[in-house]
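Asks: Quick one: the structure is below, questions incoming.
The values are calculated or read from the model by the stated rules, or taken from the named source; none is laboratory data. Remember, predicted model here, so these are calculated numbers, not experimental data. Here Cβ is always computed from backbone atoms with ideal geometry, including for glycine, and neighbour counts include all displayed protein chains. Surface areas here come from the heavy atoms of the whole protein model, side chains and all, with no ligands, DNA or RNA. Shrake-Rupley method; radii C 1.70, N 1.55, O 1.52, S 1.80 Å.
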Amino acid sequence: MPTRRVILLGATGSIGRQAVDVISRFPDRFEVVGAVARRDAAGLGALVERLGVGRAALVAPDPDADVPTGWGVGLEAACEIAALPADVVCVAITGAAALRPTLAALDAGTTVATATKEVLVMAGEVVRARARRSGSRILPIDSEHSALWQCLRGEDPASVTRLILTASGGAFRDRDPATLADATPEEALRHPTWNMGPKVTIDCATMMNKGLEVIEAHFLFEIDYPRIDVLIHPSSVVHSLVEFHDGATKAQIGAPDMRVPIALALADGERLPGVAAPADLAALSPLAFRPVDPLRFPALGVARRAGERGGVVPAILNAANEVCVSAFLRGACRFDQITDLVGEAVEAAPAVAGPSLDDVLDADAWARRRVTEALALPAGAAVSGPGGGAGAA
Ligand SMILES: NC(=O)c1ccc[n+]([C@@H]2O[C@H](COP(=O)([O-])OP(=O)(O)OC[C@H]3O[C@@H](n4cnc5c(N)ncnc54)[C@H](OP(=O)(O)O)[C@@H]3O)[C@@H](O)[C@H]2O)c1
């Protein structure tokens, strides 16, 4: 098998480090030709040295950081690396900041393996149009979407009746909802099954993560919203399911280990040996499922409404959520305010059919301003948008 040239965007994060782990175990299969982080010069430097990476960039290094000679700095440098000749670009930059590098990779005609659901949520139509234009493909890394991809392989799309995303329920799955207003970042960051970066972990606690994933699934698999459902599955062993019109349901099962979907996407769907130990089903039984309680997790309904309204509304959902989560992590927003403020922004969102990239960027900026003002955050304190730069979360 030929070596696959990989570019890692968000190389120093939770997904990025697990991608490095996979790549290090298959040195004859992968070569990292470019790597990007935000400001973690030491982390990026270590992996550049370890894997002999050709090109590296920091999007927003600290002002006093010692950036090695030859590294790029800023968003444009990140986009240049994303557009280098490669077989796959692994997108694992948190949030809307991943949009422009993802578009650069797609425009270059490179396959994009994305963990960053926010890009498809905010700009699904634009992203899909760019991919169609250049003939590039988008492969999922998110475990649920990787599971759906695996279940759908070899199946006739016309036979699919329903996609079912599973949700762990996050840190507050069993906590009294009446106490959630006072929930602290430390409590919300205690995810019961996955060890992930802070933004996605807070999204799991609100269940906004699953809402973003419903929209991500809509764009990845081109399926309408009424046929995408969510079930709570506390042990995160069944990663998602597909129902077919003959009454069959396929599920993808595995221990919660992101290296499996990462390896599958980087290898373009080929299963590499020994990536993770198989799930011990006897030890993990019984496997439980239950419907989502909309009163405990209103964020799922908010996201679904945003997806169904379409246009720029999902971009507004995403941007409002990014600002709220960042503020919550810094103690500037209560936990229950996250969904309230995002819901208000979604309700106030303008209708824009067939949005252009500029429409999406305007909507993103509008939502960031709106929530920044609502929380009375100091100007410049909100997490960075698709323009890049330093973000708080
Ligand atoms: N972690 C998981 O298991 C998991 C599972 C499914 C999906 N995801 C998705 O994967 C994405 C990444 O999540 P994560 O948990 O890996 O996040 P993370 O641990 O916070 O890492 C984020 C990475 O992105 C970089 N980054 C952050 N802001 C940036 C910016 N403005 N410009 C350029 N680079 C930036 C960070 O660089 P620095 O280190 O220099 O700050 C870091 O390399 C998210 O969209 C998340 O929803 C994650």
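Asks: Give the residues of region 247-265 that are touching a helix residue (DSSP H, G or I) at 6+ places or on another chain (Cβ under 7 Å) and in a loop (DSSP other than H, G, I, E, B), sorted by residue number.
Replies: Gly254, Met258
Asks: Shifting gears a bit: Give all pairs with beta carbons closer than 9 Å in which a residue from region 50-70 that is more than 20 Å from Pro101 (Cα to Cα) and touching a residue at least 24 places away in the same chain (Cβ under 8 Å) meets a residue that is within 15 Å of the ligand (Cβ to nearest atom) and open to solvent by 60 Å² or more (accessible area, probe 1.4 Å); count only pairs at least 6 apart in sequence or on separate chains.
Replies: Ala65/Arg39; Val67/Val73
Asks: Moving on. Is there a residue in region 135-148 that is more than 16 Å from the ligand (Cβ to nearest atom), over 18 Å from Val237 (Cβ atoms), among the hydrophobic types (A, V, I, L, M, F, W, C) and at pLDDT 95 or above?
Replies: There is no residue in region 135-148 that is more than 16 Å from the ligand (Cβ to nearest atom), over 18 Å from Val237 (Cβ atoms), among the hydrophobic types (A, V, I, L, M, F, W, C) and at pLDDT 95 or above.
Asks: Related question: Considering every residue within region 157-164, establish whether at least one is of a type in the set (Ser, Thr, Tyr), open to solvent by 20 Å² or more (accessible area, probe 1.4 Å) and more than 25 Å from Phe30 (Cβ to Cβ). Lay out the reasoning, then the answer.
Replies: Step one: filter region 157-164 for residues of a type in the set (Ser, Thr, Tyr), giving 159, 161.
Filter once more, keeping what is open to solvent by 20 Å² or more (accessible area, probe 1.4 Å): 161.
From what's left, more than 25 Å from Phe30 (Cβ to Cβ): 161.
Yes: one or more hits.
Asks: Here is a follow-up. What are the residues in region 239-274 that are of a type in the set (Ser, Thr, Tyr) and surrounded by 17 or more Cβ atoms within 10 Å (Cβ to Cβ), if any?
Replies: Within region 239-274, just Ser240 meets the criteria.
Asks: Looking at (1) more than 27 Å from Leu357 (Cα to Cα); (2) over 22 Å from the mean Cα position of the chain (by Cα); (3) of a type in the set (A, V, I, L, M), which is the only condition Ala19 fails?
Replies: (2)
Asks: Could you pull out every one of the helices (runs of 4 or more DSSP H) wholly within region 277-393 that has 3 or more residues that are closer than 24 Å to Arg175 by Cβ?
Replies: It comes to 298-309, 313-329, 335-348.
Asks: What residue, among those in region 292-320 that are of a type in the set (A, V, I, L, M) and under 13 Å from Val230 (Cβ atoms), is surrounded by the fewest Cβ atoms within 10 Å (Cβ to Cβ)?
Replies: Here is the first cut: in region 292-320, the residues of a type in the set (A, V, I, L, M) are 292, 295, 299-300, 302-303, 306, 312-313, 315-317, 319-320.
Add one more test, that the residue is under 13 Å from Val230 (Cβ atoms), and what stays is 292, 299-300, 303.
Working: Val292: 17, Ala299: 25, Leu300: 24, Ala303: 30.
Among them, the one singled out is Val292.
Asks: Now for a separate question. Can you spot a residue in region 208-215 that is assigned to a loop (DSSP other than H, G, I, E, B), at pLDDT 95 or above and either away from the ligand (no atom under 13 Å from the Cβ) or in the same structural domain as Glu322 (by TED's automatic domain parsing) (or both)?
Replies: Checked against the condition, which is being assigned to a loop (DSSP other than H, G, I, E, B), at pLDDT 95 or above and either away from the ligand (no atom under 13 Å from the Cβ) or in the same structural domain as Glu322 (by TED's automatic domain parsing) (or both), region 208-215 yields no hits at all.
Asks: Limited to region 210-235, what total is found for residues that are out of contact with any strand residue (DSSP E or B) (no Cβ under 7 Å at 6 or more places or on another chain) and open to solvent by less than 10 Å² (accessible area, probe 1.4 Å)?
Replies: Taking region 210-235 and keeping what is out of contact with any strand residue (DSSP E or B) (no Cβ under 7 Å at 6 or more places or on another chain), we get 211-212, 215-216, 219, 222, 224-226, 234-235.
Checking the rest, the ones that are also open to solvent by less than 10 Å² (accessible area, probe 1.4 Å) come to 211-212, 215-216.
Matching residues across region 210-235 total 4.
Asks: Based on this model, can you work out whether Glu187 counts as open to solvent by less than 30 Å² (accessible area, probe 1.4 Å), of a type in the set (D, E, K, R) and either more than 13 Å from the ligand (Cβ to nearest atom) or not assigned by TED's automatic domain parsing to the domain that holds Pro314 (or both)? First the steps, then the outcome.
Replies: Numbers: open to solvent by less than 30 Å² (accessible area, probe 1.4 Å): no; of a type in the set (D, E, K, R): yes; either more than 13 Å from the ligand (Cβ to nearest atom) or not assigned by TED's automatic domain parsing to the domain that holds Pro314 (or both): yes.
Considered against the rule, which asks whether it is open to solvent by less than 30 Å² (accessible area, probe 1.4 Å), of a type in the set (D, E, K, R) and either more than 13 Å from the ligand (Cβ to nearest atom) or not assigned by TED's automatic domain parsing to the domain that holds Pro314 (or both), Glu187 comes out as no.
Asks: Then there is this: In the set Ala77, Ala97, Ala83, Ala171, which member is within 18 Å of the chain's Cα centre (by Cα) and either within 16 Å of the ligand (Cβ to nearest atom) or at pLDDT below 95 (or both)? Lay out the reasoning, then the answer.
Replies: Values: Ala77 fails: within 18 Å of the chain's Cα centre (by Cα); Ala83 fails: within 18 Å of the chain's Cα centre (by Cα); Ala171 fails: within 18 Å of the chain's Cα centre (by Cα).
Matching residue, one of Ala77, Ala97, Ala83, Ala171: Ala97.
Asks: Further question: Select from region 18-58 the residues that are open to solvent by 40 Å² or more (accessible area, probe 1.4 Å) and of a type in the set (A, V, I, L, M, F, W, C) and write down the one among them that is farthest from the ligand (Cβ to nearest atom).
Replies: Checked region 18-58; the qualifying residue farthest from the ligand (Cβ to nearest atom) is Leu51.
Asks: Can you tell me which condition Arg190 does not meet? The list is (1) out of contact with any helix residue (DSSP H, G or I) (no Cβ under 6 Å at 6 or more places or on another chain); (2) in a helix (DSSP H, G or I); (3) more than 24 Å from Val112 (Cα to Cα), and all the others hold.
Replies: Of (1) out of contact with any helix residue (DSSP H, G or I) (no Cβ under 6 Å at 6 or more places or on another chain); (2) in a helix (DSSP H, G or I); (3) more than 24 Å from Val112 (Cα to Cα), only one is false for Arg190: (2).
Asks: Give me the pairs, please: first residue somewhere in region 197-216 and at positive phi, second residue anywhere and in a helix (DSSP H, G or I) and of a type in the set (A, V, I, L, M), beta-carbon distance under 8 Å, and either six or more positions apart or on two chains.
Replies: Met207/Ala299; Met207/Leu300
Asks: Out of region 73-91, which residues are open to solvent by less than 20 Å² (accessible area, probe 1.4 Å) and among the small types (Gly, Ala, Ser)?
Replies: Those that are open to solvent by less than 20 Å² (accessible area, probe 1.4 Å) and among the small types (Gly, Ala, Ser): Gly74, Ala77, Ala78, Ala82, Ala86.
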